[in-house]
1. Using just the helices of the chain, give the 222 nm mean residue ellipticity in deg cm²/dmol: DSSP H runs with n ≥ 4 each add -39,500 (n - 2.57), and the total is spread over all residues, rounded to 500.
2. Ignoring everything but the protein chains, give the 1.4 Å probe accessible area of TRP346 in square angstrom, nearest 10.
3. Taking the Cα atoms of the stretch 67-213 alone, what are Rg (to one decimal) and Dmax (as a whole number) in Å?
4. What number, in percent, do you get for the relative contact order of the stretch 167-269 if the mean sequence gap of Cα pairs under 8 Å and at least 6 apart is divided by its residue count?
5. How do ILE88, ILE111 stack up against each other in accessible area, from largest to smallest, with a 1.4 angstrom probe?
6. Among (i) 32.5; (ii) 22.8; (iii) 28.9, find the value of mean projected area of the Cα convex hull in nm² that was calculated from the structure presented, and write down its label.
7. At 1.4 Å probe size, what's the solvent-accessible area of TYR35? Round to the nearest 10 Å².
8. Would you mind telling me the share, in percent, of accessible area of the chain contributed by carbon and sulfur at probe 1.4 angstrom?
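The values are calculated or read from the model by the stated rules, or taken from the named source; none is laboratory data. Computed from a prediction, not measured in an experiment: that's the story for all the values here. Quick reminder, even Gly has a Cβ in these numbers, built from the backbone with ideal geometry, and neighbours come from all protein chains shown. Quick note on the areas: whole protein, heavy atoms, side chains included, nothing else; ligands and nucleic acids left out. Shrake-Rupley method; radii C 1.70, N 1.55, O 1.52, S 1.80 Å.
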Amino acid sequence: MSIIISSCLDSEEVTYSPDATIHAFGLDTIHGKHYKFTIDQIKREIYNEDSLPVGADTIIDRILIDTLSIAGVATSKDEFGLDTLFNIADSMDLRKPITIKIWAPDGNNAIEYTIKVNVHQQDPDSLNWGGPKGGVPSALKTGFSGGQIVGKQKSIILNNDLMVYSVAGNQVIGYKTPTRDASNPKQPASGTTWTTLTVAGLPASVDLSSILTYNNYAYAVAENEVYYSDNGISWGKHPGLNEYPVVALLTAYPVVNKGNLHETVGISGVIKNGTGLIFAMTNSDASAWIPGEKTPSQFPLYNISSHSYTSSTGILGSMLVGSTTPDMSEERSSTIPWGSYNGTYWAELSTYSYYCPVLNYPTLLYYSGQFYAFGNDFSQFYYSITGINWNKASKKFFFPEGMTARKGGFYSVVVDANNFIWFTCSNNTADGDDATTGTDDVWRTRLNKLSFASYVSE
């Protein structure tokens with residue numbers, strides 16, 4: 001049998017594979033993490049979509065390639081321009097792109113690949129306010145309302161448009177700009193082109209801080225009645241939410257993925273019934289109120305700033321700050337947030353230590369997994385993980401000098417789907433002891449790491 005098999009093998013012609021492609025590529029760990037590399041077989045490029053952290057260039061100047069799956073052999077050019085075997089056992093300097101050639105086992109086919117390692121050039125934990133690299137940040141747009149918005153205002157995002165409302169005389173005025181580039185939704189719009197809204201049907205007595213969005217509609221309260229709009233321009237009384245007198249709209253619990261553990265969605269508000277003021281929650285289609293617990297006398301009903309969030313366990317909740325008087329004239333020793341998981345009961349999150357200091361016209365945001373609060377002095381961000389204990393944010397989370405210089409004016413804030421924080425400031429250029437110098441400006445910022453591909457919304 002051995003003789004027969006040997007004879008058969010001697011008579012066969014051996015054919016070698018023409019495969020000259022790279023099937024897998026990877027680097028050694030960087031800060032204990034393996035980064036995924038993409039192999040583009042059409043462009044013959046290998047690169048990492050999730051860029052390495054800032055400072056990684058001091059690691060990839062001498063790093064091992066721990067995965068290179070090929071059928072044949074790899075070569076690269078030496079200092080004399082000659083092909084030499086590419087040895088992955090030697091550390092590589094990948095601070096600049098390198099080119100390697102893969103030779104198929106047949107010795108005839110060969111393909112060149114360019115290996116490029118992307119490294120972030122921005123500190124991931126720092127706010128980026130735009131402007132020239134290394135330069136002083138400036139307003140994205142000056143005079144966005146033509147100087148018309150001079151007092152209190154409220155901004156919302158509806159259908160990917162940033163809309164800003166205020167009251168001038170006996171008329172609600174509004175302005176809008178797209179938040180996304182129409183041709184590429186992952187990219188922000190310029191924020192410099194604004195359109196005047198001809199707002200109709202919304203009384204000038206509207207409580208601006210009550211304006212919010214839910215399920216692609218905008219809602220507001222005026223004279224204890226709820227108004228709504230599908231475009232932010234034409235408003236009318238809501239057909240189902242005026243069974244009770246409505247004092248305030250507090251926040252909206254958005255519709256979330258079915259896998260979320262929290263099933264409560266709708267709008268939380270404060271309504272009047274026979275016993276006084278009570279918390280209430282709408283049903284999921286916002287067509288009726290579901291009464292809840294009694295509203296405490298110290299609960300803020302004015303100048304409300306709220307934000308809904310999803311906890312690490314998938315629970316949907318909301319938190320807000322505000323005041324008990326329209327002009328914020330009440331005596332306060334701290335800024336006290338209120339929190340709720342169901343919209344029908346709100347709890348005061350007060351503490352005797354590490355409390356949030358008194359902030360004038362405070363804003364509360366849930367951003368990058370933490371709560372942030374600040375006031376219209378634009379001097380300091382405060383942060384909290386739970387909303388109870390507060391600390392000053394790091395110097396990386398800062399206001400630019402241009403905003404701090406115009407402290408004391410009215411403003412509003414909103415966060416868009418691509419993690420940009422938009423600040424719209426009212427025009428306040430009058431002389432006076434309490435006045436500031438500042439036109440109606442638009443500022444925009446984002447935490448650097450939230451601009452990375454893995455964070456950007458589809």
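1. On the way: 2 runs with 14 residues, N = 458.
That comes out to -1000 deg cm²/dmol.
2. Roll a 1.4 Å probe over it and TRP346 shows about 0 Å².
3. Using the Cα atoms of the stretch 67-213, the pair Rg, Dmax is 28.2, 83 Å.
4. Values: 172 pairs, mean separation 19.4, N = 103.
Rounded, it is 19 percent for the stretch 167-269.
5. Working: ILE88 60, ILE111 30 Å².
Accessible-area ranking of ILE88, ILE111, largest first: ILE88, ILE111.
6. Answer by label: (i).
7. Roughly 40 Å² of TYR35 is accessible to a 1.4 Å probe.
8. Numbers: 11450 of 23120 Å².
Exposed carbon and sulfur together represent 50 percent of the surface.
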